1. With L123, L140, L97, L117 as the choices, which residue is surrounded by fewer than 18 Cβ atoms within 10 Å (Cβ to Cβ) and within 30 Å of P28 (Cα to Cα)?
2. Scan the stretch 20-46 residue by residue and report those that are touching a Phe, Trp or Tyr at 6+ places or on another chain (Cβ under 6 Å), farther than 22 Å from E174 by Cβ and of a type outside the set (A, V, I, L, M).
3. Filter the stretch 16-49 for residues that are under 12 Å from N66 (Cβ atoms) and of a type in the set (A, V, I, L, M, F, W, C); which is surrounded by the fewest Cβ atoms within 10 Å (Cβ to Cβ)?
4. Answer yes or no as to whether M185 is touching a Cys at 6+ places or on another chain (Cβ under 6 Å) and either surrounded by 15 or more Cβ atoms within 10 Å (Cβ to Cβ) or small (G, A, S) (or both).
5. Considering only the stretch 1-50, how many residues are touching a helix residue (DSSP H, G or I) at 6+ places or on another chain (Cβ under 8 Å) and either assigned to a loop (DSSP other than H, G, I, E, B) or not β-branched (V, I, T) (or both)?
6. So is A130 part of a loop (DSSP other than H, G, I, E, B) and either among the β-branched types (V, I, T) or under 20 Å from A201 (Cα atoms) (or both) or not?
7. Quick one: in the stretch 63-107, which of the residues that are free of Cβ contacts under 8 Å to residues at least 60 places away in the same chain and not in a helix (DSSP H, G or I) is nearest to H263 (Cα to Cα)?
8. List every residue pair whose Cβ atoms sit under 7 Å apart, with the two residues 6 or more apart in sequence or on different chains, where the first one lies in the stretch 40-60 and is of a type in the set (S, T, N, Q) and the second, anywhere, is crowded, with 24+ Cβ neighbours inside 10 Å and assigned to a helix (DSSP H, G or I).
Amino acid sequence: MRLTGRNIELTIDNLIVNYDDEGDEKAPVIIFIHGFPLNKSMWDMQVDALKDTYRVIAYDIRGHGNSDAGDAKFSIDLFVNDLICLMEALELDNVMLCSLSMGGYIALRAIENYPELFSALILSDTQCTADTPEGIEKRLKAIESIKESGVEEYADESIKNLFAAESFTTRIKEIAAVKNMIVEMSVESLSNTLLALSRRAETYGKLQNIKMPVLIMVGSEDKITPLSTAQVMHERIPDSFLKVIAHAGHLANLENPSVFNHHLKKFLHRFAKKQFHYS
């Protein structure tokens, strides 16, 4: 029997997974995959915007939010396996994915390995390359800093890069919510996820094989995965669409939700109607 609502707990392979499941059971299904170091609540405005038309699922990646961390070594492939196990438990296929940042790494790998399970993809503020040596070093230093100085300081430093400058006066509530998501994570989960991100493989080489509708969105002020990064994916993925979200940094869905949701709804509506021309 399907459970609906927010903060549902499901045990899969002795791991408690926390998720939201809203909307009509017979409607097209879209799953939201959050970024690091956040949780599914970052998608609340998108879930509310879509639940009257779609079956909308948002879940906490292991070690984030209210999902267990488990004992396995964190990796993007492990996170992909968790996604597939959740879909199997909920008896889902023909799923649309909406992802941001780390969620994009998971979504791209999932579609590469299980293309038959997915029908459309939204990538926001993410990238397809592996970490550079400088990027790896930065993540390792972040792990040291978290262990030495604590999560609160790491949260404050992270926020400086996650949001556009103007958001610090226009999105105070959202910034506070994001900081709270970060400080609620354990040192172990933060460190293990940073290691997983530093070790991830690139997906650039397989982008040209994607055979489904793809929408790419990026905040105009994103310092972590800037427009140039989004353009690389757009040029590589056949017939993909690229939209720049003004007045937004790395968390475009939180910083400019009205424009983000407009493009998301328009893309999904045209996809559902099989009208693939998108402007």
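Every number here is computed from the coordinates shown, using simple stated rules; none is lab data. Since the structure is predicted, the reported quantities are computational estimates derived from the model, not experimental observations. Heads up, the Cβs are rebuilt from the backbone with ideal geometry, glycines too, and the neighbour counts pull from every protein chain shown.
1. Values: L123 fails: surrounded by fewer than 18 Cβ atoms within 10 Å (Cβ to Cβ); L140 fails: within 30 Å of P28 (Cα to Cα); L97 fails: surrounded by fewer than 18 Cβ atoms within 10 Å (Cβ to Cβ).
One residue alone meets the criteria, L117.
2. Of the residues in the stretch 20-46, the ones touching a Phe, Trp or Tyr at 6+ places or on another chain (Cβ under 6 Å) are 23, 27-28, 30, 32, 40, 43.
Applying the additional criterion that residues be farther than 22 Å from E174 by Cβ yields 23, 27-28.
Answer for the stretch 20-46, where residues must be touching a Phe, Trp or Tyr at 6+ places or on another chain (Cβ under 6 Å), farther than 22 Å from E174 by Cβ and of a type outside the set (A, V, I, L, M): G23, P28.
3. Ranking the candidates gives I16 first.
4. On the way: touching a Cys at 6+ places or on another chain (Cβ under 6 Å): no; either surrounded by 15 or more Cβ atoms within 10 Å (Cβ to Cβ) or small (G, A, S) (or both): yes.
For M185, the condition - touching a Cys at 6+ places or on another chain (Cβ under 6 Å) and either surrounded by 15 or more Cβ atoms within 10 Å (Cβ to Cβ) or small (G, A, S) (or both) - is not met.
5. At the first step, the residues of the stretch 1-50 found to be touching a helix residue (DSSP H, G or I) at 6+ places or on another chain (Cβ under 8 Å) are 10, 12-13, 15, 17-20, 22-23, 28, 30-39, 41-43, 45-46, 49-50.
Adding the requirement that they be either assigned to a loop (DSSP other than H, G, I, E, B) or not β-branched (V, I, T) (or both) leaves 10, 13, 15, 18-20, 22-23, 28, 32, 34-39, 41-43, 45-46, 49-50.
Looking only at that region, the number is 23.
6. Working: part of a loop (DSSP other than H, G, I, E, B): yes; either among the β-branched types (V, I, T) or under 20 Å from A201 (Cα atoms) (or both): yes.
Against the criterion (part of a loop (DSSP other than H, G, I, E, B) and either among the β-branched types (V, I, T) or under 20 Å from A201 (Cα atoms) (or both)), A130 qualifies.
7. So, considering only residues that are free of Cβ contacts under 8 Å to residues at least 60 places away in the same chain and not in a helix (DSSP H, G or I), the one nearest to H263 (Cα to Cα) is D93.
8. Correct list of pairs: Q46/N253.
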